[in-house]
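The values are calculated or read from the model by the stated rules, or taken from the named source; none is laboratory data. Bear in mind the structure is a predicted one, so any value in this text is a computation, not a measurement. Counting neighbours? That spans all protein chains shown, and the Cβs are built from the backbone with ideal geometry, glycine included. In case anyone asks, the SASA skips ligands and DNA or RNA and just uses the protein heavy atoms, side chains included. Shrake-Rupley method; radii C 1.70, N 1.55, O 1.52, S 1.80 Å.
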Amino acid sequence: MKAIVYTAYGNTDVLELKEISKPVPADDEVLVKVHAVSINDWDIALMNGDFVNRMLNGFAKPKRTILGSDIAGVVEACGKKVSKFKIGDEVYGDLSGRWGGFAEWVCAQEKMLEHKPPVMSFVDAAAIPQAAMLAVQGLIDVGRIKSGQKVLINGAGGGVGTFGVQLAKQFDVEITGVDLGSKLEMLSKIGFDYVLDYTKTDFTNTGQQYDLILDVKTNRPVFDYARALNSGGTYATVGGSISRLLQTLIVGGAIRLFSGKRMSIVSLKPNKDLAYCNELYTAGKFKPIIDGPFQLEDFQSAIGLFVRGEHKGKVVITI
Ligand SMILES: NC(=O)c1ccc[n+]([C@@H]2O[C@H](COP(=O)([O-])OP(=O)(O)OC[C@H]3O[C@@H](n4cnc5c(N)ncnc54)[C@H](OP(=O)(O)O)[C@@H]3O)[C@@H](O)[C@H]2O)c1
């Protein structure tokens, strides 16, 4: 089968399209014919091989050599212990920790997959798992979003933000999106009430305050975010600079004690809310914003677009 393989850490040059053997499912796994896969920030971090990701995937060189976690496809074979799926089922999910989705076939444990509703395309399904889970868990589980609130998403033009605005709108809130100027028109079209270009405006210094901030970038001191929160407000970060995240963890408790503002880090629970996304999608309340789709052979264009941060929504590769 064809797969995008990497055997050393580095930039996109380490990725190669190769012919390798098709995987065989273990007893608790299904073999999925992959129809579409989306790119996540985590794929790029694993490719680059920073300290944290080397701890996960090998210090000297990658142990798992095929990246790609968010897949959609069709079950082609089932291990003996599989009960949730049968051959021919259309499935999607986040294979984080196992990866392997940048390939024509991948094996996955059944807990990593959910049934794909018939109305959902494979391209849309591949876009959803990781980014939509972070948006749901950031806004609803951690952020406890409520009707009438003022909400802001920092880093609004990528996967989490473009799902986040659609989820937030289910709660009838006023929502602001912060991203690069070239993405603001798209952000207004998909429902953001206000948009800010981060190269021109520092949203923590405008005097505006929000009830809930969902942050994808976390590149400021935690006190700046606290200043932009209303009394009793919540800041929920899904990722960004490690030192800023540590600061949020360490200083966040003290801020809460003295001001009542909650400074929280969202820890991804993969695939937990896919059934909820199925409901919203089937009801026409939720539609991924797709950049592409790109063909597998054109993977360098797809990954390059993502690495340069020029993508809008989710970058999807079809296989
Ligand atoms: N918490 C967990 O357990 C967990 C698990 C997996 C992933 N993650 C994290 O989740 C995040 C993934 O988010 P995503 O999929 O939405 O990423 P994404 O698609 O890369 O989107 C990020 C957006 O932020 C914009 N941006 C860049 N610099 C910015 C700045 N200074 N201010 C405001 N916006 C800025 C980018 O645009 P430009 O680059 O064009 O400016 C891009 O539109 C990552 O931080 C990842 O590390 C967390």
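Here are some notes:
- Test result for residue 274, crowded, with 21+ Cβ neighbours inside 10 Å, at pLDDT 95 or above and more than 16 Å from the ligand (Cβ to nearest atom): no
- Search result, residues across region 250-267 that are out of contact with any helix residue (DSSP H, G or I) (no Cβ under 9 Å at 6 or more places or on another chain) and either part of a loop (DSSP other than H, G, I, E, B) or open to solvent by 70 Å² or more (accessible area, probe 1.4 Å) (or both): 256, 257, 258, 260
- In region 87-98, the count of residues that are surrounded by 24 or more Cβ atoms within 10 Å (Cβ to Cβ), over 18 Å from residue 215 (Cα atoms), of a type outside the set (S, T, N, Q) and within 11 Å of the ligand (Cβ to nearest atom) is one or more.
- Scanning region 27-51 for residues that are outside any strand (DSSP E or B), touching a residue at least 12 places away in the same chain (Cβ under 8 Å) and either surrounded by 19 or more Cβ atoms within 10 Å (Cβ to Cβ) or within 11 Å of the ligand (Cβ to nearest atom) (or both) turns up 39, 40, 41, 42, 43, 44, 46, 47, 49.
- Those residues of region 288-308 which are open to solvent by less than 30 Å² (accessible area, probe 1.4 Å) and assigned to a loop (DSSP other than H, G, I, E, B), in sequence order: 288
- Pairs linking a residue in region 127-139 that is within 23 Å of residue 294 (Cα to Cα) to a residue that is part of a helix (DSSP H, G or I), with Cβ atoms under 7 Å and 6 or more positions apart or on different chains, are 128/277; 129/274; 131/159; 131/160; 131/163; 132/163; 132/277.
- Matching residues, region 270-289, being β-branched (Val, Ile, Thr) and under 13 Å from the mean Cα position of the chain (by Cα): 289
- Within region 134-172, being in a loop (DSSP other than H, G, I, E, B), more than 9 Å from the ligand (Cβ to nearest atom) and open to solvent by 10 Å² or more (accessible area, probe 1.4 Å) holds for 144, 145, 146, 147, 148, 149, 172.
- For residue 285, the conditions (1) in the same structural domain as residue 162 (by TED's automatic domain parsing); (2) more than 16 Å from the ligand (Cβ to nearest atom); (3) not in a helix (DSSP H, G or I) are fulfilled apart from (1).
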